Each structure stands twice: as structure tokens, then as C-alpha cells.
Amino acid sequence: MDLVNPSIGLVFWTTISFVFLLIILRKAAWKPMLGAIHERERSIEDALNKADLAREEMARLTNQNEELLKQARIERDAILKEAKELKDQIVAEAKNSAQVEGAKLIEKAKVEINNQKIAALDEVKSQVAALSLNIAEKVLRKQFDDKKSQDDLVSNLLKDVKLN
């Protein structure tokens, strides 16, 4: 039963030992542990604050990135529109140039054809004249082969002259 009913001396020395142990633990263990706990709390708060700042910075950068993407799209659309207009202008100029060149070539071909036609007609006329002279010469030679036909021709010509 001694254990169930402790004596006053045992309670006194147990209490003193306990208080002494508490003082030693307070000086040796609790202060460093509480300091470490407070230091850990501060580092966690700093980390959370830095995370919030990083999150805000990330949101700002995301918004800035979106804005840059919008501007890039607008610039891309403007460049594409300008390129299309330039392409259309170049195509139109090429068509006009081709039409002008085609018209010049057609006109030049018409002039050339007309010149060749005139040259061909002149050549045909000269050949017809040459053939006509050859035929007339042959006819006249044939007619003047005999003396009597020459005399008849001269007398007929003289009669025509008198009549005029």
C-alpha cells in the first residue's frame, strides 16, 4: 500500500525534481525548440509571401503574354493583309503590262502583215506587168513576122490617126 499512499517526503522530492527538470528543460530544450518553431513559422510565412508574389508575378506575366500575343496576331493580320494587297497589286500590274505588251505585239503583227501584203501585191503587180510585157512582145513579134501584116497594121493605125 505504500505505493497507493505515498509519503509526504516522496511527494515533496518528486515535485522538486519535477520543477527542477522543468527549469532545465525550459533553459536547455524548450527555448531552442520554440526558437526553431518560430524560425520555421517565419520561413513558412516568407515562403507563402514569396509564393503569393510569384503567383501575382505569374498572373501579370500571363496577362502581359496574352497582350503580346494579341498584338502579334494583330501585326500578323496586318502583314498578311498588306502582303495580299501587294500581291493583288503586282498581279494587276502584271495583267495590265501583259495586255499592253499583247496589244503592242498585235499592232506590230498587223503592221508587219500589212507591209508583207503590200510587198506581195507589189511583187504580183510587177510579175503581172512583166508577164504582160512578155506576152505583148511575143504577140507583136508574131504579128510582125511577115511583111504584109506589118503593112496592114501600119495602115490601120494611120486610118485611126486620121479619124481622131
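Nothing in this text is a laboratory measurement; each read-out follows from the coordinates by a stated rule. Everything numeric in this text was worked out from a predicted model, so none of it was measured. Positions of Cβ are backbone-derived with ideal geometry, glycine not excepted, and every protein chain shown enters the neighbour counts.
Among K95, K81, K138, which one moves the most in a GNM of the chain with springs linking Cα atoms closer than 10 Å? So, out of K95, K81, K138, the one fluctuating most is K138.
Model label points for I106 and R60, set 7 angstrom from Cα along the Cα-to-Cβ axis, are 6.9 nm apart. Of all the options K104, K31, K87, the one that moves most in a Gaussian network model of the chain with Cα springs shorter than 10 angstrom is K31. The structure-derived value of Cα Rg over 2.2 N^0.38 Å appears in the list (1) 1.05; (2) 4.27; (3) 1.22 under the label (2).
Remark: the N49-A98 segment gains 10.5 nm on full extension, using 0.36 nm per residue and subtracting the alpha carbon distance. Modelled spin-label separation between S17 and L86, with each label point placed 7 Å from Cα along the Cα-to-Cβ direction: 9.6 nm.
Mean-square fluctuations from a GNM of the chain, with a 10 angstrom spring cutoff on Cα atoms, peak among V19, V124, V91 at V19.
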